[in-house]
Amino acid sequence: MPVIQARSAGFCYGVRRAVELAEKTAQESGSCVMLGSIIHNANVVARLERLGARQVDSPDAVRPGDTVIIRSHGETRQVLERLEAMGARCVNATCPNVLHIQHIVSRAGQAGRMPLVIGEPHHPEVMGAASWWDGTLVFPGPEELERWLLEDPARRDLPLTAVAQTTCVRSIWESSKKILKKLCTNAELFDTICDATHRRQSEAAEIASRVDVMVVVGDRKSANTKHLTEICRELCPRVYQIEGAEELTPDLFIGCSLAGLTAGASTPAGIIKEVYTTMSEEIKNNEIKEESFEELLDKSFKTLNTGEKVTGIVTAVGPTEVQVDLGCKQAGYIAVDELSADPNVKPEDVVKVGDEIETYIIRVNDVEGYAMLSKKRLDAVKVWEDIEEARENKTTLEGKVTEENKGGIVVNVKGVRVFVPASQSGQPRGADLSEMIGQTVSLRITEVNRARRRVVGSIRAVQYEARQAAQAAIWESIEVGKHYTGTVKSMTSYGVFVDIGGVDGMVHISELSWSRIKNPAEVVSVGDTLDVYVISFDPEKHKISLGVKDHSCNPWDTFMNSYKVGDVANVRIVKLMTFGAFAEVVPGVDGLIHISQIADRRIEKPGDVLSEGQMVDAKITAVDEEKQKISLSIRALLNDEPAEDEE
């Protein structure tokens, strides 16, 4: 492959969220306003304008009552307050990571600390973050920060809180951190560089170090695209930043055998794909042009030797053999029994005319001008080469579990037996491994001994990486109120832990049910599937608080619609106390029967008359709507009975 494309290239979560919000708002309202570029990409902005989202560069152009989309970079506090005063309806498409920085700056200022932002002073994200506390200082890099600290020694003892622009180059932030730790006595440091940005920059650097030409795609206004270009230029001699495929020309790839491609967070997938296709074509065309006449002449005099590997083009497929053009004077033939290890396979199912095929030379007959070839033998060798290469490159392979033996299982990978120890099977200790037979699994090759035909693999290693990737995806997209379908992993007396896709969150016992429960086991079990939503989360401590109760169906509303003071309800005793008993009136709503209202005589304790779980009739004597409290009385009904009989 002449072009290596970065997997992280293109839209990040924050950009994708902003574009989707803008599209939805434009479609629903028919006409809305984008205050500044929703993202730094002219193609996306133009498409949104066609949907009815017009762009303005100043709040002065916003009319009262307009629907205004706040861009992904965020906006200054002063602008937001002005829009609110105008009566504009704001749709906040600010990236959650940017909002996090704004909250840190605001909290630091309120706590009497001085906020510092490491980033580009005139970037809208940085300007917006700094506006959330008057006196916030912005430094482009470590040099300016160190100069400011050294100008006045008293500044080193100030309570400082430092954050980074989400697209800040990692090396700039790390250098700034070292200076603050070295010179300051009271500095808080928050690493607010977006995880997606860090991955994109790291992957771009890795690719740039391997290729002849590096292409970075993105709008020239985009800060993260500019940083990608700067990083790549430190590692690759030929780096080009473009906005689209139309900027690519053949001369950019002269002498290039391998090129790299990455893109900024605001670059649509369609533009990346178009650039990738154009790059591949240009490199291929240059390679064809560079092939000299002498090289073509040498091919015509190429000699074949038994045991060599050769590549050719299939020119004919028959019932007993396949004919191959090897680019020399000899014709190549593959007997049907040398085509595949499967004796029942048909030649036309393996190859077709025009296919490029790699084979072993079994025998050469120069007199009659032909060579007998074998694809089957080469395939067997290539499988082992693929297995060894997979071990070196830590590539994930797939195979089918064929048997269980002492100490583990055997997985068939491309015809090779791979032993997976029980400890690497991904199953709990003591699990029945025979249940895995017939399953297709992904595994990593950890040991290869070709001489002894021994291969060892690990399923657990692949599962671990998958969990890490899933966790990163969860933390990148998590937000308060977002719903997940999770599985109950474990239970404690105070709640349950739910796996929402690689990350565990805690549902407190009070969030499991509207009804009063003593133990989570009353309503859930380990392994149950729950629909949960995020109540709060702390990315720094990696803690997530989840809820299960549907707050749109409040039991108190059900009670208020069904009962009033003076009504009689059949209630269930749920808890006995020294001063009375709590009874469930409707699921999720309890009332108190004071000890004086349990019987028409004096009793020592509620347990003398009542027991938990007992159903009794009680009269509703008082309702406190503000505090959502209910008073009940059994005694009132007992006192009523004589009067009714007398009447």
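Can you name the residue in region 332-349 that is out of contact with any Gly (no Cβ under 9 Å at 6 or more places or on another chain) and within 14 Å of ALA316 (Cβ to Cβ) and, of all such residues, is surrounded by the most Cβ atoms within 10 Å (Cβ to Cβ)?
If we take residues in region 332-349 being out of contact with any Gly (no Cβ under 9 Å at 6 or more places or on another chain) and within 14 Å of ALA316 (Cβ to Cβ), then ILE334 is surrounded by the most Cβ atoms within 10 Å (Cβ to Cβ).
Limited to region 160-193, what total is found for residues that are in a loop (DSSP other than H, G, I, E, B) and either under 24 Å from ASN224 (Cβ atoms) or open to solvent by less than 40 Å² (accessible area, probe 1.4 Å) (or both)?
Number satisfying all stated conditions: 10.
Tell me yes or no: at least one residue of region 359-374 is within 30 Å of GLY457 (Cα to Cα) and open to solvent by 70 Å² or more (accessible area, probe 1.4 Å). Step through it out loud before you land on a result.
Step one: filter region 359-374 for residues within 30 Å of GLY457 (Cα to Cα), giving 359-360, 374.
Now narrow it down to the ones that are open to solvent by 70 Å² or more (accessible area, probe 1.4 Å): none.
No, there is no match, as no residue in region 359-374 is within 30 Å of GLY457 (Cα to Cα) and open to solvent by 70 Å² or more (accessible area, probe 1.4 Å).
Quick one: count up the residues across region 314-331 that are open to solvent by 70 Å² or more (accessible area, probe 1.4 Å) and of a type in the set (A, V, I, L, M).
0
Which one of these does GLY407 not meet: (1) modelled with pLDDT under 90; (2) surrounded by 15 or more Cβ atoms within 10 Å (Cβ to Cβ)?
(2)
Could you list, in sequence order, all residues of region 573-590 that are open to solvent by 40 Å² or more (accessible area, probe 1.4 Å) and of a type outside the set (Ser, Thr, Tyr)?
Answer for region 573-590, where residues must be open to solvent by 40 Å² or more (accessible area, probe 1.4 Å) and of a type outside the set (Ser, Thr, Tyr): LYS575, LEU576, MET577, PHE579, PHE582, PRO587.
Any residue in region 340-356 that's at positive phi: show its pairings with residues that are modelled with pLDDT of 80 or more and open to solvent by less than 100 Å² (accessible area, probe 1.4 Å) at Cβ separation under 9 Å, as long as the two are six or more apart or on different chains.
GLY354/ILE313; GLY354/VAL314; GLY354/THR315
This table checks each residue for (1) more than 30 Å from the chain's Cα centre (by Cα); (2) under 14 Å from THR492 (Cα atoms); (3) at pLDDT below 85.
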residue: ILE509; (1), (2), (3): no, yes, no
residue: TRP514; (1), (2), (3): yes, no, yes
residue: GLU522; (1), (2), (3): yes, yes, yes
residue: ASP528; (1), (2), (3): no, no, no
residue: TYR533; (1), (2), (3): no, no, no
residue: SER536; (1), (2), (3): no, no, no
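Here's the yes/no breakdown for (1) on the phi < 0 side of the Ramachandran plot; (2) open to solvent by 50 Å² or more (accessible area, probe 1.4 Å); (3) in contact with a Leu (Cβ under 8 Å, 6 or more places away or on another chain):
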position	(1), (2), (3)
TYR13	yes, no, no
LEU48	yes, no, no
ASP60	yes, yes, no
ARG63	yes, yes, no
THR67	yes, no, no
ILE70	yes, no, yes
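Within region 89-145, considering only strands (runs of 3 or more DSSP E) that don't extend past its boundaries, which have at least 3 residues that are within 14 Å of HIS73 (Cβ to Cβ), open to solvent by less than 50 Å² (accessible area, probe 1.4 Å) and acidic (Asp, Glu)?
Result: empty, no element qualifies.
Restricting region 495-542 to residues that are more than 25 Å from GLN463 (Cα to Cα), of a type in the set (Ser, Thr, Tyr) and touching a residue at least 24 places away in the same chain (Cβ under 8 Å), which is most open to solvent (accessible area, probe 1.4 Å)?
SER536
Mind checking which residues of region 217-230 are open to solvent by 10 Å² or more (accessible area, probe 1.4 Å), part of a loop (DSSP other than H, G, I, E, B) and touching a residue at least 24 places away in the same chain (Cβ under 8 Å)?
ASP219, LYS221
Could you give me the residue pairs with C-beta distances under 6 Å whose first residue belongs to region 426-442 and is part of a loop (DSSP other than H, G, I, E, B), whose second residue is open to solvent by less than 80 Å² (accessible area, probe 1.4 Å) wherever it lies, and which are 6+ apart or on separate chains?
Every condition considered, the pairs that remain are GLY426/ILE459; GLY426/GLN463; ILE437/VAL401; GLN439/VAL401.
Could you tell me which of the residues ARG444, ARG460, ARG467 is open to solvent by less than 60 Å² (accessible area, probe 1.4 Å), within 30 Å of the chain's Cα centre (by Cα) and within 30 Å of PRO539 (Cβ to Cβ)?
Residue meeting the stated conditions: ARG444.
Within region 199-216, restricting attention to residues that are crowded, with 16+ Cβ neighbours inside 10 Å and part of a helix (DSSP H, G or I), which residue is nearest to the chain's Cα centre (by Cα)?
My answer is ARG199.
Can you confirm whether VAL401 is of a type in the set (A, V, I, L, M, F, W, C), part of a strand (DSSP E or B), at pLDDT 90 or above and over 30 Å from the mean Cα position of the chain (by Cα)?
So VAL401 fails the test.
For the subset of region 231-262 comprising residues that are in a helix (DSSP H, G or I) and touching a residue at least 40 places away in the same chain (Cβ under 8 Å), which member is nearest to GLN201 (Cα to Cα)?
Checked region 231-262; the qualifying residue nearest to GLN201 (Cα to Cα) is ILE231.
The values are calculated or read from the model by the stated rules, or taken from the named source; none is laboratory data. Computed from a prediction, not measured in an experiment: that's the story for all the values here. All Cβ positions, even for glycine, are placed from backbone atoms using ideal geometry, and neighbour counts span all protein chains on display. Ligands, DNA and RNA are excluded from the accessible area calculation, which covers all protein heavy atoms including side chains. Shrake-Rupley method; radii C 1.70, N 1.55, O 1.52, S 1.80 Å.
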